[in-house]
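What follows is a set of notes on a single structure, which appears directly below.
The values are calculated or read from the model by the stated rules, or taken from the named source; none is laboratory data. This is a predicted model, so every value here is computed, not measured. For neighbour counting, all protein chains shown are included, and Cβ atoms are generated from backbone atoms with ideal geometry for every residue, glycine included. Just so you know, the surface numbers come from the protein's heavy atoms only, side chains and all, with ligands and any DNA or RNA stripped out. Shrake-Rupley method; radii C 1.70, N 1.55, O 1.52, S 1.80 Å.
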Amino acid sequence: MLRLSKKADYALIAMKHLALNGDGSSSAREIASLYDIPIELLAKILQRLVRHSLLVSQQGTRGGYQLAREPLLISVADVIQAIDGPVTVTACSSEEGSNCEQFAKCNVRDPLWRVRERIVNALGECTIAELAADQPQPAPPEPTEHAMVLHTHI
């Protein structure tokens, strides 16, 4: 299953919040309380985003976090990779991939690497500005007995 980590989820929530906040800053405590995120975990996530130059932080009573650049210039891929490292879909698409017992004879390795590239490209095309522009959608109609519902987690 392809799934974002909880840390990446929290990072994207914080980034969207900061994008909606415009030029103002928000404290880790403020964001954590608004979205019911554990403060200690969020503080670590925000610091990692600062280290990857996606956020800037200011100390003091008027301190807090702000986006380091325009939301249009920060991709979802930037955030995910800052938190979780490179996107992988198979064991062989990571640094240790050549240690896989099937590496030499695998007949799906190259096609799956291309799938990984498509995923990374799609995440790279989606920006924080796009997340911030997203308005809540009305609830979909209840499925009939012949309908299929696909739930995704991005």
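Look at the stretch 52-81: where a residue is aromatic (F, W, Y) and a partner is loosely packed, with under 14 Cβ neighbours inside 10 Å, sitting 6+ places away or on another chain with Cβ atoms under 9 Å, you get Y65/Q58. Scanning the stretch 49-65 for residues that are under 16 Å from D78 (Cβ atoms) and in contact with a strand residue (DSSP E or B) (Cβ under 9 Å, 6 or more places away or on another chain) yields L49, V50, L54, L55, V56, Y65. Please enumerate the residues belonging to the stretch 19-42 that are without any contact (Cβ under 8 Å) to a residue 60 or more places away in the chain, buried (at least 17 other Cβ atoms within 10 Å of the Cβ) and of a type outside the set (S, T, Y). Result: N21, A28, I31, A32, I37, L42. Residues satisfying the criterion are present in the stretch 83-98 (criterion: under 22 Å from A132 (Cα atoms) and either open to solvent by less than 90 Å² (accessible area, probe 1.4 Å) or touching a helix residue (DSSP H, G or I) at 6+ places or on another chain (Cβ under 9 Å) (or both)).
Checking each residue in the stretch 2-18 for being open to solvent by 30 Å² or more (accessible area, probe 1.4 Å), touching a residue at least 60 places away in the same chain (Cβ under 8 Å) and within 19 Å of P71 (Cβ to Cβ) picks out only K16.
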